[in-house]
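The values are calculated or read from the model by the stated rules, or taken from the named source; none is laboratory data. In this text, all values refer to a predicted model and were calculated from it rather than measured experimentally. Glycine also receives a Cβ, built like all others from the backbone with ideal geometry; neighbour counts cover every protein chain displayed.
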Amino acid sequence: MPTTLTGKRIVLGVTGGIAAYKAVELCRRLVDAGAHVVPVMTDGAERFVGRTTFSALASEPVQTSLWDGADPIPHTTLGQSADLIVVAPATARLLSAYATGLSTDLLTNTLLATRAPVVVCPAMHTEMWEHPAVQANIATLRARGVHIVEPESGRLAGGDVGAGRLAAPESIVAMIEAVLGSGGDLAGMKVVVSAGGTREPIDAVRVIANRSSGKQGYAIAGEAAARGARVTLVSTVELPVPAGVEVFAVETAAQMASALAEHAPAANVVIMAAAVADFRPVGPVAGKTEKLKKSQAVPEIVLEATPDILAGLGANKPNGQVLVGFAAETSDLVANATSKLRAKNLDLIVANDVTAEETGFQHDTNAVTLFAIGEPAVVLPLADKYTIAAGVLDRVVALRAAR
Ligand code: CTP
C-alpha cells in the first residue's frame with residue numbers, strides 16, 4: 001500500500017556524532033516505507049560508521065564530497081531534486097554552519113541549495129545541547145521553518161544521563177511523514193494568532209505597555225504553519241517571521257481589534273495569545289508632554305477601558321470555529337481561567353501562572369494548563385515555548401476532531 005513516503009526522494013544527511021549508527025536504522029525504515037533515500041555523509045560521520053553500510057541499505061550509493069563524483073555540481077543536483085532533507089544526527093557544528101549559512105562540505109552546500117523542507121535531528125552531550133550558542137542556532141533554524149526533532153533524555157556516550165540523545169527513528173519518521181504528508185494535521189485550515197503586548201499612547205512618545213514578549217504567539221504561529229495551516233499573525237512585536245506565516249503589525253488594542261475583525265471571521269481557529277491592555281489613556285496628548293516646571297502640578301493620566309477583543313470574537317463566533325484564549329493569572333488560576341472560558345464563549349483557554357519562575361512573560365519557557373468545557377484539564381509542564389505551542393495545537397486538533 002502506498003504511504004506518504006512512497007517514491008519521495010529523501011536526502012539523508014549524516015554528521016559526525018556517536019548517534020550516526022542510529023541513522024542506519026532510520027535509513028532502513030525510510031527505504032522500507034518506499035522512500036528513495038540518498039545518503040550524504042560528512043567526514044566526521046565516516047569516523048563513526050562506514051559508508052558501505054549506508055550504500056548497502058540506501059537507494060543510491062553514499063555521497064561524501066563536492067569534488068569526487070561525475071556530477072560537477074552535486075549539491076545543487078541533490079538540493080533541487082530532494083522532496084525533503086533530513087539530517088540525523090545533526091552535530092553542534094552542523095547546526096552552527098546551517099544557521100549562519102556556512103558552506104564547507106557537500107551536506108552544508110546541499111542544505112543551502114534546496115527549497116525542500118528540512119528536518120534536523122540534533123544529538124550531542126547535554127552541556128553542548130543546552131549551550132546558549134546551540135540553542136540560539138536552533139531558534140534561528142526554527143524561525144526559518146526548519147523542522148526540529150528534539151533530542152530525547154537518556155543515557156549518552158560515556159555513561160552520562162541527560163538531554164541530547166538522538167530522537168528514536170520512529171519519531172523522526174513520524175516527523176518526516178507529517179511534513180511530507182498532506183501538510184500535517186492543520187492542512188487546509190486558516191489559523192489566526194495574535195501575539196505581543198499592546199502599546200497605548202499617553203502622548204507622542206510615551207506608551208502604556210506590558211511585559212508580553214510575543215514569543216509564545218510566534219511559536220504557535222510557526223507550529224501551525226509547520227502543520228499545514230495558512231497562518232495570519234497579528235503582532236505588536238518584531239520577531240523573526242516563521243516560514244509560511246503572514247504578519248500584520250499593530251500597536252494598540254484598537255488596531256488589534258480591527259485587524260482581527262478583518263481576519264478572524266474566516267478562520268477555522270483563532271488563538272488570542274496577545275496581552276491586550278485593559279485600559280488606555282483617554283485622548284492621548286498630541287506632541288510630547290514637557291518636563292514640569294517646579295510650580296506646575298503633576299499631570300494625571302485618565303484611563304478608559306479598551307474593548308475586550310476576545311469576548312467580542314466569542315460573541316460573534318462563526319459555527320465550527322475553535323476560539324482559544326489565554327489567561328495570565330497571579331492567583332486562583334483554575335477559577336479565573338474557567339470563568340473566562342465560559343464568559344468569553346471560548347473552546348479552550350491556556351492558563352499560566354505569571355508569578356512562577358521561568359514561565360510566561362519574556363521567558364523562552366512556559367508551563368500552562370489547558371481548560372475546555374466538559375473536559376479534564378491538561379497540564380503542559382515546563383518546556384520551551386515551541387513544545388507548549390505543539391501541545392496547545394494538539395488540543396485544538398482534538399477538539400475539532402471531537403465535533
Ligand atoms: N483580551 C482581549 N482584549 C482585552 C483584554 C484581554 O482580547 N481587552 C484577551 C487576551 O488576549 C487573552 C484573554 O483575553 O486571550 C485573557 O486576558 P486577561 O487579561 O488575562 O483577562 P481579562 O479578561 O482581561 O481579565 P483580568 O485582566 O481581569 O484577569
- the stretch 228-241, residues that are assigned to a loop (DSSP other than H, G, I, E, B) and surrounded by fewer than 24 Cβ atoms within 10 Å (Cβ to Cβ): Gly228, Val237, Glu238, Leu239, Pro240, Val241
- Task: Run down Met124, Met128, Met189 and say which single residue is in contact with a strand residue (DSSP E or B) (Cβ under 8 Å, 6 or more places away or on another chain), surrounded by fewer than 19 Cβ atoms within 10 Å (Cβ to Cβ) and of a type outside the set (Lys, Arg).
- Result: Met128
- Query: Considering only the stretch 324-340, how many residues are of a type in the set (A, V, I, L, M) and either within 9 Å of the ligand (Cβ to nearest atom) or surrounded by 22 or more Cβ atoms within 10 Å (Cβ to Cβ) (or both)?
  - Reply: 4
- Note on the structure: Residue set Val14, Val49, Val86; condition of a type in the set (A, V, I, L, M, F, W, C), assigned by TED's automatic domain parsing to the domain that holds Ile172 and over 27 Å from the mean Cα position of the chain (by Cα); output residue Val49
- Task: Please give the number of the condition Ala204 fails out of (1) touching a residue at least 60 places away in the same chain (Cβ under 8 Å); (2) surrounded by 18 or more Cβ atoms within 10 Å (Cβ to Cβ); (3) in a loop (DSSP other than H, G, I, E, B).
- Result: (2)
- Residues located in the stretch 236-263, provided they are in contact with a Lys or Arg (Cβ under 9 Å, 6 or more places away or on another chain), within 15 Å of the ligand (Cβ to nearest atom) and not hydroxyl-bearing (Ser, Thr, Tyr): Val237, Glu251, Ala253, Ala254, His263
- Query: Out of curiosity, is Val378 in contact with a helix residue (DSSP H, G or I) (Cβ under 7 Å, 6 or more places away or on another chain) and under 19 Å from Ala274 (Cα atoms)?
  - Reply: no
- Message: Quick check on Thr289: is it more than 12 Å from the ligand (Cβ to nearest atom) and either within 30 Å of Arg403 (Cβ to Cβ) or not assigned by TED's automatic domain parsing to the domain that holds Gly217 (or both)?
- Response: no
- Query: Any idea which of (1) at pLDDT 95 or above; (2) out of contact with any Lys or Arg (no Cβ under 8 Å at 6 or more places or on another chain); (3) within 21 Å of Gly197 (Cα to Cα); (4) assigned to a loop (DSSP other than H, G, I, E, B) is the one Glu357 doesn't satisfy?
  - Reply: (1)
